[in-house]
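The numbers here are math on the coordinates, done by the rules we state, and not lab data. Bear in mind the structure is a predicted one, so any value in this text is a computation, not a measurement. Ideal geometry is used to build each Cβ from the backbone, glycine not excepted, and the neighbour counts take in all protein chains shown.
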Amino acid sequence: MALPFFTHVIIFLLPGTYLPPNTTATIYIQMPTSQESKLLGEISNEKPSAMFESPVKSELPKATIRVGIEIAARKDIL
């Protein structure tokens, strides 16, 4: 039996959860077959959810997928 694979990653802030003012949360993903993290995109208080396409289009061995979030100052308002 083949393991299922995913095609998208959905990230969202829970209701009532906010980032610090004038910041964004940058979303990265690390696949089990790589040591590097890939940038998916970002979310903010103004755009609290996003759907990102998976960087992998085939089945993965059973493993842990890591999604990292980094909060930083927004570049468009500096």
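Ordered by packing density, taken as the mean number of other Cβ atoms within 10 Å over each peptide's residues, highest first, how do 10-16, 34-40 rank?
Top to bottom by mean Cβ count within 10 Å: 34-40, 10-16.
For a Förster distance of 22 Å, can you work out the FRET efficiency between the beta-carbons of residue 45 and residue 6, rounded to the nearest 0.05?
Taking R0 as 22 Å, the efficiency between residue 45 and residue 6 is 0.25.
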